[in-house]
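No lab work stands behind these numbers, since they all come straight from the coordinates. It should be emphasised that the depicted structure is a prediction, and the values quoted were computed from it without experimental measurement. Because the Cβ atoms are built from the backbone with ideal geometry, glycine has one as well, and the counts that use them run over all protein chains shown.
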Amino acid sequence: MKAIPRGDYGVDAPYVLYGLAAAAIASVTGSLIAFIVFKSPQPVLAAMAVIFALAALSYLYTTRRGKFAIWTELLESLAMRGDERLLDVGCGRGAVLMLAAKHLPEGHAVGVDLWSTKDQSGNSEQHALQNAKLEGVEERVELHTADMRRLPFPDGSFDVVTSSLAIHNIGNARGREQALAEILRVLKPRGTALIVDIGHTAAYERYLAAQPGTTVERRRLGWKFWYGGPHVASALITVRRSGTVD
Ligand SMILES: C[S@@+](CC[C@H](N)C(=O)[O-])C[C@H]1O[C@@H](n2cnc3c(N)ncnc32)[C@H](O)[C@@H]1O
């Protein structure tokens, strides 16, 4: 399936990208001024300019293309029948939600978010709905405004739960565990959750593996999901719930 989106999904945590771009421009300017004043190359400033520029490019690539390529592979690997109910936690403008909806011609893709524009540029329910229309999936997409620590759904109501770069936005470990507990609560027995995040993923793995009836795996996702370099690499947690379906 094609990974290039038709909708517009903004930029994740845009202030980080602006900071990296500003640091690259400042280093280039500083090294040029220093060259003019001291009449000799400034290798440290030049190296900083290259590092910040590469970090900004990596960030821009991941947020606009890389995450779509990786989520396309992850969703394909689930081999869904097409009639499942899927929940995307912290869906934002719908990057993962719309890709998922394309796998669900007879199913339903539900997104939950608080629409923080600090966490994603132009973030709003309106933009997510617009993207659902642009991707041709609006009839099977449903959006809810809710906090992921208190999901407004009954126990065991989703076959699949996804979450991309969302849980780390909760500022404390207790809140992040509440979000993980909610994901497990709304997941059906024999359901699968795919959670991608930067940071805290070892703690997610420990918490989820300690819950009854779960099988948990964690792996890094590679350069296409780096937010600026290998020091901000994303990891995938796959959680499978055991149990019998009614
Ligand atoms: C970096 S964006 C990622 C959005 C989307 N998953 C994607 O990959 O494009 C993080 C999202 O998490 C949402 N978010 C942050 N805290 C939340 C909370 N407590 N409950 C629900 N959503 C939250 C933000 O509003 C934002 O849309």
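Ordering 226, 158, 80 by the projection of their Cα atoms onto the charge dipole of the chain, which places +1 on the Cβ of Lys and Arg and -1 on the Cβ of Asp and Glu, puts 226 at the extreme positive end. 3J(HN,Hα) along the range 223-228: 5, 5, 10, 8, 9, x Hz, from the Karplus curve 6.51 cos²θ - 1.76 cosθ + 1.60 with θ = phi - 60°, whole Hz, x for Gly and Pro. Charges were assigned to the Cβ only: +1 to each Lys and Arg, -1 to each Asp and Glu. The resulting dipole of the chain about its Cα centre is roughly 700 debye. Put a dot 7 Å past the Cα of residue 4, heading toward its Cβ, do the same for residue 117, and the two dots end up 3.0 nm apart. GNM remark for the chain: springs join alpha carbons under 10 Å apart, and the peak mean-square fluctuation among 40, 234, 163 falls on 40. Length gained on full extension, residue 22 to residue 185, computed as 0.36 nm times the residue gap minus the Cα-Cα distance: 54.4 nm. Rounded to the nearest 10 degrees, the inclination of helix 125-134 to the longest alpha-carbon principal axis of the chain is 80 degrees. Residue-wise HN-Hα couplings along the range 105-115, as the Karplus relation 6.51 cos²θ - 1.76 cosθ + 1.60 with θ = phi - 60° gives them from phi, are x, 10, x, 8, 10, 10, x, 10, 6, 10, 6 Hz; Gly and Pro carry x. Amide H contacts for residue 87 (H built 1.01 Å from N in the peptide plane; partners 5 or more residues away or on another chain; cut-off under 5 Å): 110, 160, 161, 162. Using the Cβ-Cβ distance between residue 211 and residue 129 with R0 set to 25 Å, the FRET efficiency works out to roughly 0.15. The ellipsoid equivalent to the alpha-carbon distribution of the range 100-246 has semi-axes of 23, 21, 15 angstrom, derived from the gyration tensor eigenvalues as √(5λ) and listed largest first. Over the residues of the chain, the helix contribution to mean residue ellipticity at 222 nm works out to -12500 deg cm²/dmol, using -39500 (n - 2.57) for each DSSP H run of at least 4.
Potential lengthening of the chain between residue 65 and residue 223 amounts to 55.7 nm, from the contour at 0.36 nm per residue minus the alpha-carbon distance. Note on residue 172/residue 33: beta-carbon distance plugged into 1/(1 + (r/R0)^6) with R0 of 41 Å gives a FRET efficiency of 0.40. Expressed per residue, the C-alpha convex hull volume of the chain stands at 126 Å³. Entry note, the chain: relative contact order of 19 percent, from Cα contacts under 8 Å with a spacing of 6+ residues.
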